[in-house]
Structures are given as structure tokens and as C-alpha cells.
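What follows is a short report on a single structure.
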Amino acid sequence: MTVARTALLLDLDGTLLDTAPDMGGALNLLRAEAGREPLPPGSIRPVVSHGAVRLVSLGFPEATGSEFERLRLRFLELYSQNLALRTDLFPGIEPVLDELERLGLPWGVVTNKPGWLTDPLLAALGLDRRASCVVSGDTVAERKPHPLPLLHAAGLVGVAPANCVYVGDAERDIQAGRAAGMTTVVAAYGYISTDDDPSLWQPAGIIAEPGELLEWIGAAAARAAGERR
């Protein structure tokens, strides 16, 4: 593959990492504390990319106000204690990262997950030493779908936004990437609900498995090379 200066940026939950087993496990621990039966993984998985609020709402649909906030904080506490028990890279991601590193191309993470969870999770998996940048939900003043986190990431890796490919599994990822002027790709292997139609998000493309990302990086690199001629 002929390459020029470009970068791959990825959402975390549901795109780079399969965090559903541990996030779902934390939710079911919370339900167990309340004397409730566990929810099946299939009902939890599509909600994981939407974070603690949506997960707690799924597990405790009647909770409101201060009780909901107590449950949310307890969920985060339980999850922080079990960040990487069963979390791992999605199958097929590792060869993509290996190839980018072989080519000397940067890759990074842009997530709405707060840094106090993102950083130890990436460290536990040895990814903190490999990522060229990590932008969490509290790194800058805005969160996705605002483009600022993605623009900040592009600045950190020293690549023009137009030469970055951003991959995510939620509509806000694509909204943020498009607003930042990046090539946007939907990770259809991620946590997408059956109620979602990713084609309506107007991405540049939709991939069924991570290996397809190398073609998108190659295309972005070719465009970058052409612009410099």
C-alpha cells in the first residue's frame, strides 16, 4: 500500500474495544445489589456506546432524581473496579494497528468516556504506549457530536483533519467527524441497535469488519499525496 501522511482515529467503546462484557457486568452487579435478576447481554450490548446514563436507565427504568444519580455513581464505581476483566480489542483490529505502526502512521482514540476510566483501561491493555493520542470526554471543553475533540486529536498527531479517517459506531461519532472535515466510517461490527440505520448518518462508508479500514487509510493517503503534487 502506498501511503502519505494520514491518521486513523477511533472511538473506544464499540469500535476499538469490546467493552460490553465489563460494562454489562457492572450493570448486572448493580442490579444484584438491588436484588434484581441480571439482564441478558443481548439487551445490554446495543446501549454500551451511549455510556453510564443509558445503561443505568436500562437497568433501572423507574429511577429518577437523586436515586438515579446514586445508581449512576455506583455503576461507575463498580465498572472502575473491573475495567479490563473481559474487555479486549475487537477481532481484526490488532492487524490494522500493527500495519499502521509498521508504516509509521499515527492512530489514536477519541471517546466520550472520561479520562479517569479511559486512561487506566488503555494502560491495562498496553494500548496507552501505542496510541499517538488519546482524547477523552473531559480532555477539551466539548464532547462529541461537537467536532472539537476530533480537531484536537488531529492537532496532537499533526495531521490535517481532511487526511484523518474517524471510525465510530454511534451517530454522534459520524456527526462529529463530518463537522471536523474528516472521512467518517461506521463500525457496523460495534454496538449498533436494530433500530439504527447507519446509512442515514451520511458516513463516507460502513465496514463489517476492522480489516476494511486499511483500504480507507490507503484511499485517504492517496488523496493526501495527490493534494501535495
| request: Report the charge-dipole magnitude of the stretch 153-205 in Debye, nearest 20, computed about the Cα centre from +1 at each Lys and Arg Cβ and -1 at each Asp and Glu Cβ. | output: 300
| field | Nearest-20 debye value, the chain charge dipole, Cβ charges on Lys, Arg, Asp, Glu | value | 540
| Cα-based shape type of the stretch 71-154, given that a ≥ b ≥ c are square roots of the gyration tensor eigenvalues and the cut on a/c is 1.5 | oblate
| field | Extension reserve of the ARG74-GLN202 stretch, reckoned as 0.36 nm per residue once the Cα distance is removed | value | 42.4 nm
| request: At 7 Å along the Cα-to-beta-carbon direction for both ALA84 and ALA162, put a label point, then send me their distance in nm to one decimal. | output: 3.9
| Per the 1.4 Å probe, what fraction of the accessible area of the chain, in percent, lies on carbon and sulfur atoms? | 53
| remark: Dividing the mean separation of Cα pairs under 8 Å (6+ apart) by the residue count of the chain yields a relative contact order in percent of 27
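With a ≥ b ≥ c the root eigenvalues of the C-alpha gyration tensor of the stretch 141-229, is it rounded (a/c under 1.5), prolate (a/b larger than b/c) or oblate?
It comes out oblate by the Cα gyration axes.
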| Computed lengthening from GLU37 to ARG129, 0.36 nm per intervening residue step minus Cα-Cα distance | 29.2 nm
| task | Pull out the extension gain between VAL140 and ALA63, defined as 0.36 nm times the separation in residues minus the alpha carbon to alpha carbon distance; nm, one decimal. | result | 24.7 nm
| remark: TM-like helix rule applied to the chain (DSSP H, alpha carbon span at least 18 Å on the long axis, mean Kyte-Doolittle at least -1.0) gives 20-33, 65-80, 213-228
| field | Three-way shape call for the stretch 76-229 based on the alpha-carbon gyration tensor, with the a/c threshold at 1.5 | value | rounded
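Quick one: net charge of THR139's neighbours, Cβ under 13 Å, K/R +1, D/E -1?
Values: positive: LYS113, ARG143, LYS144; negative: ASP119, ASP138, GLU142.
Net local charge, THR139 excluded: 0.
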| Gap in Å between the Cα centre of the stretch 91-148 and the Cα centre of the stretch 188-229? | 17
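Taking loop as defined by DSSP and a crowding limit of 15 other beta carbons within 10 Å, which trypsin sites (Lys or Arg not before Pro) in the stretch 81-155 fit?
Qualifying residues, ordered by number: ARG86, ARG129, ARG130.
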| request: Run the numbers on the stretch 124-213 and let me know its relative contact order in percent, using alpha-carbon pairs under 8 Å that are six or more apart. | output: 21
| request: Determine, from the Cβ-Cβ distance of ALA222 and ARG54 and an R0 of 41 Å, the FRET efficiency 1/(1 + (r/R0)^6), rounded to the nearest 0.05. | output: 0.60
| Which whole-Hz couplings ³J(HN,Hα) result when phi for each residue of the stretch 185-198 is put into the Karplus expression 6.51 cos²θ - 1.76 cosθ + 1.60, θ = phi - 60°, listed in order with x for Gly and Pro? | 10, 8, 8, 5, 7, x, 8, 9, 6, 5, 7, 8, 10, x
| said: As I understand it, the dipole of the chain uses +1 on the Cβ of Lys and Arg and -1 on the Cβ of Asp and Glu, about the Cα centre. Which of PRO145, SER132, VAL159 lies farthest toward its positive end? | reply: VAL159
| message | Restricting to Cα pairs below 8 Å that are 6+ residues apart, what does the relative contact order work out to for the stretch 49-145? Please round to a whole percent. | response | 24
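The values are calculated or read from the model by the stated rules, or taken from the named source; none is laboratory data. Bear in mind the structure is a predicted one, so any value in this text is a computation, not a measurement. A quick note on method: Cβ atoms are made from the backbone with ideal geometry, for glycine too, and the neighbour counts reach across all protein chains shown. When the accessible area is computed, the model is the full protein with side chains, heavy atoms only, and any ligands, DNA or RNA have been set aside. Shrake-Rupley method; radii C 1.70, N 1.55, O 1.52, S 1.80 Å.
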